[in-house]
1. Summing +1 for each Lys or Arg and -1 for each Asp or Glu, what net charge is found among the other residues whose Cβ lies under 15 Å from the Cβ of Lys74?
2. Can you give the FRET efficiency to the nearest 0.05 for Trp353 and Val428, using r as the Cβ-Cβ distance and R₀ = 56 Å?
3. Can you list residues from other chains, or at least 5 along the same chain, whose modelled amide H is less than 5 Å from the amide H of Gln424?
4. Which of rounded, prolate or oblate describes the range 13-116 when judged by the alpha-carbon gyration tensor and an a/c cut-off of 1.5?
5. Using a simple spin-label model with points 7 Å from Cα along the Cα→Cβ vector, what separation in nm is obtained for Ala155 and His384?
6. Scan around Phe136 for amide H atoms under 5 Å from its own, H built in the peptide plane at 1.01 Å from N, and keep only partners 5 or more places away or cross-chain.
7. With +1 on the Cβ of every Lys and Arg and -1 on the Cβ of every Asp and Glu, and nothing else charged, how large is the dipole of the chain about its Cα centre, in debye rounded to the nearest 20?
8. Checking the a/c ratio against 1.5 first, then a/b against b/c, what shape does the Cα gyration tensor give for the range 60-132?
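The values are calculated or read from the model by the stated rules, or taken from the named source; none is laboratory data. Computed from a predicted structure; not experimentally measured. Positions of Cβ are generated from backbone atoms using ideal geometry, with glycine treated the same way; all protein chains shown enter the neighbour counts. Areas reflect the complete protein model, heavy atoms only, side chains present, ligands, DNA and RNA absent. Shrake-Rupley method; radii C 1.70, N 1.55, O 1.52, S 1.80 Å.
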Amino acid sequence: MAETAEMVNPLREGIRLRRTPDPCAMVIFGASGDLTERKLIPALFYLSRERMLPPGFAVVGCARTPKTDEQFSKEMSDGVKKFLHLTPESDAFVEGFAKGLHYVADDFSTPEAYQKLKETLDHLDQEHGTAGNRLFYLATPPSFFPVIVKHLGAAGLAKPKEPGKTWTRIILEKPFGRSLASARELNQIVTSIFDEDQVYRIDHYLGKETVQNLLVFRYANGIFEPFWNRRYIDHVQITVAEELGVENRGAYYEESGLLRDMIQNHVLQLLSLVAMEPPATFQATAVRDEKAKVMRALRPIAPERVSEFVVRGQYVEGFVGGKKVPAYRTEPKVSPTSNTETYAAFKFFIDNWRWADVPFYIRSGKRLAKRVSEISIQFRRVPHLLFKGAGAEGIEPNILSIRIQPNEGISLKFCAKLPGTTMQIRPVEMEFLYGESFGAAPPTAYETLLHDCMLGDATLFNRADAVDLSWELVDPILERWKEDGSTGLSQYAAGSWGPKEADDLIESDGRQWRRL
Ligand code: BG6
């Protein structure tokens, strides 16, 4: 549905009661990139429309391409209109918002650029009341992160302008490193210039409403947590499936692959939220401590056993949504002999008291049959079959599924008696749908996360130790795959549910992937 500027989302009313962030200037490095246009500026627009931005607020886009403030504002307001499908009545509001956008064109690998940026920021403090608070957002390719961070430090921009009175924070987009060594090196550079409490490592999955709702579901209800363990749970499945291919990101994806792009961050974050122990408070340190403990308890997969626990695949030509789509190897900027994985399925174990021997099956891929992300908790079968004969074959284990996207919601599958004189049993579902219960779309992940960062709340951001632990886990797998080359790289048709080997992975344990 097209939205108008006047439509204030009731779901956000509650949030609006929260603190309004301090006045600040947000600097976006990589302002001509896709992320800025598609996600960051639209998120800021929504925040502005919901009056959740401080009165003294300005955005400074930084990139090499020469552009005036007016050109940048125009491009961004066109982008907002395009990506948010707004009605023409909203145009004036969008243009009003875009007036607060500024632009600094320069080569950001030179010290001069940062002097220019500093002058702009000082000017905004005077003219737009941004009060000396700064939020730097690194939305560039990751290879630029060290350069920008070092220059910010050298220009004196990393420390608060007036210590004790103002704040300076930095958001780093994913991927945070491309291996354990590079993540550590980057971390070392970042934390030699910024204090850890200034650093916000973003993972937009943590900002998704359903992902946060997982915590509410587990810890604001008395009935689920007692069952949330190995005594009652047979296994957990996490699926993050996309219909999209690599689009125009072939060059990036060739360097990254699915493991780095999705598993090391988004999927492991989901897993740690499902598996973590209850934190003592909903404060950043407590929540992040518990998540890190899960990462520490994840059983490492030894290089020589990778093929027992992990399947990797790459899509070949196929049909998605009735449209023929090309093979990964023929996508733009992809090598015709590429061994990059576009799909992966895993079996993980968490070696702790709560989860011993409970498999966590995980799968994620591009060009799959459907865009759907779901966590499903599959409970153990009943211990004794009471309804032998006619009814027993209808008995299926209970499944609790948490739908992250689309159709955000939660459903519980249980058995019911089919009406009639005979005893026949069928699975039925109890369902909660966000859209129906609250009647409005939740805020986007970037809105939540940008707002949290402006408020200084790091609960939904990654901490260095968790990033490190996730790389410790995936590094040996990546190394093994590199050695193996094309050996063990399965193919799957675009538009399917992935390679057959992924079915074998779970079926050899007597279980099945959920049909989604
Ligand atoms: C990004 C990945 O982090 O997440 C993309 O780089 C992926 O490859 C995207 O498509 C998925 O995010 P969402 O929010 O659309 O599920």
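1. Numbers: positive: Lys67, Lys81, Lys82, Lys99; negative: Glu37, Asp69, Glu70, Glu75, Asp78, Asp91, Glu95.
Once all neighbours under 15 Å are counted, the net charge is -3.
2. Working: r = 34 Å, r/R0 = 0.60.
Calculated transfer efficiency: 0.95.
3. Leu418
4. It comes out oblate by the Cα gyration axes.
5. With each label point 7 Å from Cα toward Cβ, the separation is 7.3 nm.
6. Those qualifying (amide H under 5 Å, at least 5 residues apart or on another chain) are Val27, Arg169, Ile170, Ile171.
7. Values: 64 positive and 69 negative charges, 217 e Å.
My answer is approximately 1040 debye.
8. On the way: a/c = 3.48, a/b = 1.69, b/c = 2.06.
Oblate, because a/c is 1.5 or more while a/b does not exceed b/c.
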